[in-house]
1. Inspect all residues belonging to the stretch B:26-41 and state whether any of them is out of contact with any Leu (no Cβ under 6 Å at 6 or more places or on another chain), of a type in the set (Lys, Arg) and part of a helix (DSSP H, G or I).
2. Only one of these is facing chain A (nearest Cβ under 7 Å), farther than 14 Å from A:ALA12 by Cβ and out of contact with any Lys or Arg (no Cβ under 7 Å at 6 or more places or on another chain): B:ALA114, B:ALA140, B:ALA151. Name it.
3. For the stretch B:259-271, how many residues are surrounded by 21 or more Cβ atoms within 10 Å (Cβ to Cβ) and either at the interface with another protein chain (Cβ under 7 Å from one of its Cβ atoms) or at pLDDT 80 or above (or both)?
4. For A:PHE279, state whether it is more than 7 Å from chain B (Cβ to nearest Cβ) and surrounded by fewer than 24 Cβ atoms within 10 Å (Cβ to Cβ).
5. Would you confirm whether any residue within the stretch B:1-19 is touching a residue at least 40 places away in the same chain (Cβ under 8 Å) and either over 22 Å from the mean Cα position of the chain (by Cα) or part of a helix (DSSP H, G or I) (or both)?
6. Would you pick out the residues in the stretch A:162-183 that are surrounded by fewer than 18 Cβ atoms within 10 Å (Cβ to Cβ), assigned to a helix (DSSP H, G or I) and more than 10 Å from chain B (Cβ to nearest Cβ)?
7. I'm checking my understanding of the structure. Among residues of the stretch A:67-100 that are within 18 Å of A:LEU209 (Cβ to Cβ), within 12 Å of another protein chain (Cβ to nearest Cβ) and without any contact (Cβ under 8 Å) to a residue 24 or more places away in the chain, which one is nearest to the chain's Cα centre (by Cα)?
8. Take the conditions farther than 22 Å from B:ALA263 by Cα, surrounded by 24 or more Cβ atoms within 10 Å (Cβ to Cβ) and of a type in the set (Gly, Ala, Ser) and apply them to B:ALA151. Does it pass?
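The values are calculated or read from the model by the stated rules, or taken from the named source; none is laboratory data. Just so you know, these numbers come straight off a predicted model, no measurement behind them. Methodologically, a virtual Cβ is constructed for each residue, glycine included, from the backbone with ideal geometry; neighbour enumeration extends over all protein chains shown.
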Amino acid sequence: MSDPSKPHNNKAWFLVLPVVASVAFTAIIPLVIVVNYSVQDIFGPGNRVFVGGEWFRNILNDSSIRDSFWRTIRFSLQVLAIQIPLGIAIGLAMPKRGWRASMALVLMALPLLIPFNVVGTIWQIFARADIGLGGYVVNDLLGITYNYSQNPRDAWFTVLLMDTWHWTPLVALLVYAGLRSIPDAYYRAATIDGARRLAIFRYIELPRLRGVLTIAVLLRFMDSFMIYTEPFVLTGGGPGNTTNFLSISLTKIAIGQFDLGRAAAYSLVYFFFIQLFCFIFYTAMKRQEV
Amino acid sequence: MRPSHVNAMRRTWLLVYVVALMLPIAWMALMSLRPNQDILGSFTWWPENFSLDNYRTIFTDASWYTGYLNSIQYTLLNMVLSLAVALPAAYAFSRYRFLGDNHLFFWLLTNRMAPAAVFLLPVFQLYQNVGLFDTPLAVALAHMLFNVPLAVWILEGFMSSVPRSIDETALIDGYRFPRFFLRVFLPLIRSGVGVAAFFCFMFSWVELLLARTLTSVNAKPIAVTMTRTVSASGLDWGLLTAAGTLTLIPGALVIWFVRKHIAKGFALGRV
């Protein structure tokens, strides 16, 4: 991307134009509408009042939204803390080639292609104490009382477990792709030097994995920060507000209460944080490429 | 080269993980083969009565199977549209520097990361105003929000691994650009196009929020049919699990075709 030897040619803009046009239609126009909503109080068609920054003050001072924000941050950080090391461990264990490698790839990619709501359904059934394998084993065989729809801690744990189940394969596949790009000569040289497994990982594999791991962290952080469908199906944000993440609470205000101005201001604040995180990650990635 | 017991340990650990990964899916598939009263009756490790009734209902009841047809329709439409606009753009990013290229690339990334929830209200109004509401095209266009940036990223990665001298040679040989792009360049990045198509398919197939917001009756996707069944008639676990199991099939099929390149694709073509 940032290869300085590339020729400078502003006519390349003609090639980019279709993308700009399509994303303008799907992103910019909606965003303009959101900005327009966010500064008005809308009572109905033709009945709206300009309120300036009122909704933004309202959103930023709303303690339940602030709770949702920190809850989502906490969730994203836990997701990273679990899924990145686990993904590395699985990626390292994967065979490099042969039918076992293909098999593992296909099976591990499968959860990634399940519609999000079906992921919710799968876990809804699996974790139920009466009909689910997971819930039954924990409750009846291990003797631990577990109920994700009533106990807040169980609900949080189940959502986290579901997300780990759903997305760790992504991290593992990225690590696998990174490992595949390390030439065999590196390993041979390390063996000749008498390097131990841990040293090979620390000094050969980990540095070469930096690129893919940055992508993994970026994707996992962002996607868990906007998680909606899976917890919506599994817990609906409950019990209480335990799993009421930002997207869920925003959707409740937007579609449930149809509170346009407030939802719009909420959207913009949310979007601002996304942009901020993106910028941080993007800068980090650029620095690595150089 | 490594001691065999280490290899055996690695293999066991991977096996345990894959089995754990498959367990919840298998449980759903097992449920779908049982009559509803059996499911809620009592816990069993293995169903006593197998029946295909749930599947029969889905394949014969139009309100169910049209959901699949709608989903496949907008997913394919999205795939074609996303690739069509992303291919030239990815070429531009991989071959040239131009005014604002870096900013544009970053802006695309932020769109991939934008939460669909943010766009719910406006897309609803927008698509109703342009008369696209409740059509597969509406969902296909809305999904371009995250699929176009993704496709550009992946294709750019694959294109950048093709040496620039190939372009130059072809142009010196008298190829005109469109002919060069279609006849020489595209075949070289075949696998990249396949992987990008796969990811467009994947993210469009799994998305619920925008698809639900932009459809009501005519273009209702299967995912929405499933969530509405939950709220309407209590919980028909048998049907729900059967419908869920069927949603896995397209995914499983397309994975098989791109299995060799899937890992590179997940790395956005950057390995």
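1. We begin by selecting, within the stretch B:26-41, every residue out of contact with any Leu (no Cβ under 6 Å at 6 or more places or on another chain); these are B:26, B:28-41.
Then drop every residue that is not of a type in the set (Lys, Arg), which leaves B:34.
Right, trim to part of a helix (DSSP H, G or I) and you get none.
Checked the stretch B:26-41: no residue is out of contact with any Leu (no Cβ under 6 Å at 6 or more places or on another chain), of a type in the set (Lys, Arg) and part of a helix (DSSP H, G or I).
2. Values: B:ALA140 fails: facing chain A (nearest Cβ under 7 Å); B:ALA151 fails: facing chain A (nearest Cβ under 7 Å).
B:ALA114 is the lone residue from the list that is facing chain A (nearest Cβ under 7 Å), farther than 14 Å from A:ALA12 by Cβ and out of contact with any Lys or Arg (no Cβ under 7 Å at 6 or more places or on another chain).
3. Residues that pass the stated criteria total 8.
4. Numbers: more than 7 Å from chain B (Cβ to nearest Cβ): yes; surrounded by fewer than 24 Cβ atoms within 10 Å (Cβ to Cβ): yes.
Criteria met by A:PHE279.
5. From the stretch B:1-19, those touching a residue at least 40 places away in the same chain (Cβ under 8 Å) are none; that's our starting set.
Checked the stretch B:1-19: no residue is touching a residue at least 40 places away in the same chain (Cβ under 8 Å) and either over 22 Å from the mean Cα position of the chain (by Cα) or part of a helix (DSSP H, G or I) (or both).
6. To start, the set of residues in the stretch A:162-183 that are surrounded by fewer than 18 Cβ atoms within 10 Å (Cβ to Cβ) comprises A:164, A:180-183.
From what is left, the residues that are assigned to a helix (DSSP H, G or I) are A:164, A:180.
Answer for the stretch A:162-183, where residues must be surrounded by fewer than 18 Cβ atoms within 10 Å (Cβ to Cβ), assigned to a helix (DSSP H, G or I) and more than 10 Å from chain B (Cβ to nearest Cβ): just A:THR164.
7. A:ALA89
8. Details: farther than 22 Å from B:ALA263 by Cα: no; surrounded by 24 or more Cβ atoms within 10 Å (Cβ to Cβ): yes; of a type in the set (Gly, Ala, Ser): yes.
No; evaluated as a whole, the condition is false for this residue.
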